[in-house]
Amino acid sequence: MKTVRWSFITSHRWDTDHLDCVKSLLDDTYPYENLTKIIATTRKGSTFLKCPAHTDFLKNTFVFLAPFDITLDIAITDSNRALTSINLTQEVFDNLIDTRFLEDYNSETNPFPLIGIDWLNVFTSDESMLMQVLPAFMHHNEFTEKTAVIPGEFNVSKWTRPVELVFEIRSNQEKIIIKKGDAIAYFKFHSDQLIKLVPSSTPWEEIKLCNNIRQTTTFRPLDERYASLKEERIKQCPYEPKN
């Protein structure tokens with residue numbers, strides 16, 4: 001079994017895992033479930049459960065569950081772009097809901113509105129480990145039916161950054177009710193061994209390093225970013241080379 005360190009944060013501010021306005025919405029519930037176990041229970045008796053192509057694909061895939069309720073109302077017209085929430089205070093909304101993509105929205109080039117929620121997951125590993133973010137395609141709730149999480153992947157031993165949940169909304173006029181415990185996204189780890197997620201402190205110093213590297217050229221290829229982070233690690237600990 002291999003371990004992957006995990007931390008959950010709701011703030012991009014250095015050394016602040018959760019802002020005070022968000023803390024009151026959180027509890028100690030561990031927001032993950034093993035997808036293989038869920039499917040074995042919810043689809044008990046289904047023929048596809050015997051298919052190795054299916055079971056191998058779901059291996060080491062974890063379901064991220066909404067830690068608290070969020071209701072989002074989106075209304076986009078030719079003259080206005082509105083995104084509101086009836087159950088979040090303005091302070092929580094301003095710090096948690098990422099509208100920067102919506103501000104650049106152009107219906108001619110982007111057919112679906114794009115927003116994000118700062119439910120940020122940070123994964124690190126001492127061994128090379130590819131992690132994928134995937135939509136929760138085996139779950140059916142209001143969020144999965146009305147949105148599409150943007151997928152992606154990177155090696156969590158070679159790059160350290162919070163994973164923001166960014167998603168398209170399928171309609172310009174939509175209300176999305178997210179309930180605590182709803183499946184939001186999947187995190188899949190590529191390894192021949194079983195993966196165990198171990199809660200850990202947030203690696204803020206490494207996050208800072210990666211953020212500085214990213215800001216030099218926003219869309220640099222991942223291999224170049226990996227190499228830059230490796231150089232920075234060697235500078236800081238020349239006698240303890242890392243991946």
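The values are calculated or read from the model by the stated rules, or taken from the named source; none is laboratory data. No experiment lies behind these values; they were computed from the predicted model shown. Note that we place each Cβ from the backbone using ideal geometry, even for glycine, and neighbour counts take in every protein chain shown.
Observations on the structure shown:
- THR42 fulfils the conditions (1) closer than 21 Å to SER201 by Cβ; (2) among the polar types (S, T, N, Q); (3) without any contact (Cβ under 8 Å) to a residue 24 or more places away in the chain except for a single criterion, (1).
- Any hit, the stretch 181-202, residues being of a type in the set (D, E, K, R), under 27 Å from ASP27 (Cα atoms) and touching a His at 6+ places or on another chain (Cβ under 9 Å): yes
- Selection within the stretch 137-153 - surrounded by fewer than 19 Cβ atoms within 10 Å (Cβ to Cβ) and either within 18 Å of ASN211 (Cα to Cα) or touching a residue at least 40 places away in the same chain (Cβ under 8 Å) (or both): PHE137, MET138, ASN141, GLU142, GLY152, GLU153
- Pairs with Cβ under 7 Å, 6+ apart, first in the stretch 214-237 and within 21 Å of PRO203 (Cα to Cα), second among the β-branched types (Val, Ile, Thr): ARG225/ILE213; SER228/ILE213; LEU229/ILE213
- Residue satisfying condition, being under 22 Å from PHE8 (Cα atoms), at pLDDT 95 or above, touching a helix residue (DSSP H, G or I) at 6+ places or on another chain (Cβ under 8 Å) and not polar (S, T, N, Q), within set PHE189, PHE93, PHE154, PHE123: PHE154
- From the options LEU88, LEU26, residue that is free of Cβ contacts under 8 Å to residues at least 60 places away in the same chain, crowded, with 17+ Cβ neighbours inside 10 Å and not acidic (Asp, Glu): LEU88
- Residue in the stretch 113-127 that is in contact (Cβ under 8 Å) with a residue 40 or more places away in the chain, more than 27 Å from GLY181 (Cβ to Cβ), of a type outside the set (Ser, Thr, Tyr) and touching a strand residue (DSSP E or B) at 6+ places or on another chain (Cβ under 8 Å) present: yes
- Top-ranked residue in the stretch 1-22 [being free of Cβ contacts under 8 Å to residues at least 24 places away in the same chain and in a loop (DSSP other than H, G, I, E, B); ranked as surrounded by the fewest Cβ atoms within 10 Å (Cβ to Cβ)]: ARG13
- Residues that are surrounded by fewer than 14 Cβ atoms within 10 Å (Cβ to Cβ) and assigned to a loop (DSSP other than H, G, I, E, B) within the stretch 91-124 comprise ASP104, ASN106, SER107, GLU108, THR109, ASN110, PRO111, listed in sequence order.
- Candidates in the stretch 159-177 are the residues that are touching a Ser or Thr at 6+ places or on another chain (Cβ under 7 Å) and either on the phi > 0 side of the Ramachandran plot or not in a strand (DSSP E or B) (or both); of these, the one that is surrounded by the fewest Cβ atoms within 10 Å (Cβ to Cβ) is ARG170.
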